[in-house]
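Reading through the structure tokens given below for one structure.
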Amino acid sequence: MFGRRLLVLLLVLAAIGVPAGVLRAACAGKSCPADVAQARVPFCPLPAELRARLAAGFREGRSPDVMAVSGASAVVEGTGAGPWPSVADPSTVTAVPIAFIGTGIKPGAVIPRGTGLDAIAPTLSEVLRFSRPHPEVRAGKAVDGVADGERPRLVLEVAWKGVGTDELRHDPRSWRSLHSLMRRGTATLAGDTGSLPLDPAATLTTIGTGGLPSQHGITGALVRNDGGRVVKSWGAGSPFSVIATLPDDLDQAMDQRPLIGLVASDQADRGIVGGNWYVGHDRDAMVIATGSSAVTAAERLLAEGFGRDDVPDILAVVLNGSVGSIDRRTRALVAAAERAAGGSVTVAIAGTGSGSGVEVGSTDAARIRDSDIVSQVDAEVAGDQNVIAGAVPGGLFLDQEALAREGISGDAVVQSMLQVTASDGARVFDDAFQGFAVSFGRYC
């Protein structure tokens, strides 16, 4: 039965002119014709766990046109956004701390190993005793036994940007405040981002919505919008999140009475609160601040009335920098929130995923910047114009108009990606493929 279904799929795809890369991506076992089976099969040879995480981080029409996975001995560093995926154990970089503390939280409750960032919004929703609409569009589920029934006046969400469990284990003395907070509530160091690549724009939106990037559509700091342009997430011309965030839903359900605020290090951090899903209704306060100024900005927002009445408010703060500095600022933020709400505050703390892409402290891996990859690919692809419109962790967006003018195919860019080398001359990527191969990964 499966063989007949796959044969029909291949015939239909061939009839509509889908490139051979898709046909190869759909191969399973020995079900493909010999000439297809002998060709290089993209995506499918990757480990199953890695494929699943990449699929969870991919959304057709928004994700990069060409994607790649580095080898175990190479690390591709994004420009301020995080590492590219690697065939090395993905759980090393996707492991994150998750903690719930304060009002409405049962101390000592167990957060199971592997609990995803998509569980944070559903758990907070349960703490707030708020039933969100359309739960079927989100993968995340509330962690059982965490909510104790008491509803807080304020929810404080603190995101540790670019931090995963690996960073904490490498320097346990640098996060003593977080360790102390964890003992007050319930926490784990074995949480999981649930998806790859580890672009904070994507994982912060996962925290905010309770859905994975494949569901919310904010797959990275750059996305392709409905008009085909590559734009910055949450910026001018950016497509909305496909699904609403918890603050969006709470604000809408309570007639805009809750106060919703965000202190972010970048506009792309906005996914933790959203704010534009219910068009024309949200009036959320957003401040861009980094370093110690983030605490000052948060204190100013809190002074505007957060946590002062029985209508629950939400303040999210995205912190970046060294683990030690983030830890100190987290302690100050929690103290400020407790003062503002008279102690009636629930605190959720989570990392967005490792920013290193390799075990912290390792010196064996060859490193290359994504800007160097862009330079090598543009030089390798024959043509008078640059064909790359942007780079994010995990892939490249292509200038479709330039490709058409130059007569260059997406597969030509894939082949150039496979030739990229690090400074020591070693090949960087174990696999590269056009994005649609991920969509057909269910046939692997």
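The values are calculated or read from the model by the stated rules, or taken from the named source; none is laboratory data. Computed from a prediction, not measured in an experiment: that's the story for all the values here. Backbone-built Cβ (ideal geometry, glycine too); neighbour counts: all protein chains shown. All accessible areas refer to the heavy atoms of the entire protein, side chains included, with ligands and DNA or RNA removed. Shrake-Rupley method; radii C 1.70, N 1.55, O 1.52, S 1.80 Å.
Each residue of region 60-146 gets 153 Å³ once the volume of the Cα convex hull is shared out per residue. Taking the Kirkwood radius as the inverse of the mean 1/r across Cα pairs, report the Rg/Rh of the chain. Ratio of gyration radius to Kirkwood radius: 0.99.
Between Gly407, Gly145, Gly237, the Gaussian network model of the chain with springs among Cα atoms under 10 angstrom shows the greatest mean-square fluctuation at Gly407. With point charges of +1 on the Cβ of Lys and Arg and -1 on the Cβ of Asp and Glu, referenced to the Cα centre of the chain, which listed residue (Val158, Ser293, Gly307) lies farthest in the positive direction of the dipole? Of the candidates, Gly307 comes out farthest on the positive side. Per-residue packing, averaged as other Cβ atoms within 10 Å, sorts the ranges 173-182, 196-205 into the order 196-205, 173-182, beginning with the highest.
Accessible area per residue for the chain is 40 Å², calculated with a 1.4 Å probe on protein heavy atoms, without ligands, DNA or RNA.
If r is the Cβ-Cβ distance from Ser292 to Ala379 and R0 is 45 Å, what FRET efficiency results, to the nearest 0.05? It comes to 0.60. Volume per residue of the convex hull around the Cα atoms, evaluated for region 251-338, comes out as 88 Å³.
The residues Glu406, Glu157, Glu299, Glu60, sorted by heavy-atom accessible surface at 1.4 Å with ligands and nucleic acids left out, run Glu60, Glu299, Glu406, Glu157 from largest to smallest. Backbone N atoms of region 164-189 closer than 11 Å to the 7 Å Cα→Cβ label point of Ser322 belong to residues 174.
Here Met67 sits with roughly 10 square angstrom of accessible surface, probe radius 1.4 Å. Sorted largest first by accessible area at a 1.4 angstrom probe radius, with every protein chain in place, the residues Asp144, Asp372 fall in the order Asp144, Asp372.
In degrees from 0 to 90, rounded to the nearest 10, what is the angle of the helix 2-15 Cα long axis to the longest principal axis of the chain? So the helix axis and the longest Cα principal axis differ by about 70 degrees. Here the Debye sum runs over all C-alpha atoms of region 95-161 as equal scatterers in vacuum, and log10 of I(q)/I(0) at q = 0.15 Å⁻¹ comes out as -0.46.
Only alpha carbons enter this Debye calculation for region 186-300, each as an equal point scatterer, and the log10 of I(q)/I(0) it gives at q = 0.22, 0.23 Å⁻¹ is -1.28, -1.33. In this simple spin-label approximation, Glu49 and Asp411 carry label points 7 Å from Cα along the Cα→Cβ vector, and these lie 3.3 nm apart.
Basic side chains Lys and Arg get +1 at the Cβ, acidic Asp and Glu get -1 at the Cβ, and with that the dipole of the chain about its Cα centre reaches some 880 debye. Summed over all non-identical Cα pairs, the Kirkwood treatment of region 87-233 gives a radius of 16.1 Å.
Straight-distance candidates among the aspartates and glutamates for linking to Lys106, with alpha-carbon spacing under 12 Å and chain neighbours fewer than 8 residues away dropped: Asp144, Asp148, Glu150.
The orientation-averaged projected area of the convex hull spanned by the Cα atoms of region 195-247 comes to 3.4 nm². Full extension of the chain between Asn386 and His179 yields a length gain of 69.7 nm, computed as 0.36 nm times the residue separation minus the alpha carbon distance. Between Arg151 and Asp171, the contour length at 0.36 nm per residue exceeds the alpha carbon distance by 3.7 nm.
Per residue, the convex hull spanned by the alpha carbons of region 396-444 comes to 95 Å³. Of the accessible area of the chain, computed with a 1.4 Å probe over protein heavy atoms only, carbon and sulfur atoms account for 50 percent.
Taking one quarter of the surface of the C-alpha convex hull of region 268-316 gives a mean projected area of 4.0 nm².
Each of the peptides 309-316, 42-49, 131-138, 242-249 was scored by the mean count of other Cβ atoms within 10 Å over its residues; in descending order, highest first, they stand as 242-249, 309-316, 42-49, 131-138. Helical runs assigned H by DSSP (4 residues or longer) give the chain a calculated mean residue ellipticity at 222 nm of -8500 deg cm²/dmol, each run adding -39500 (n - 2.57) before division by the residue total.
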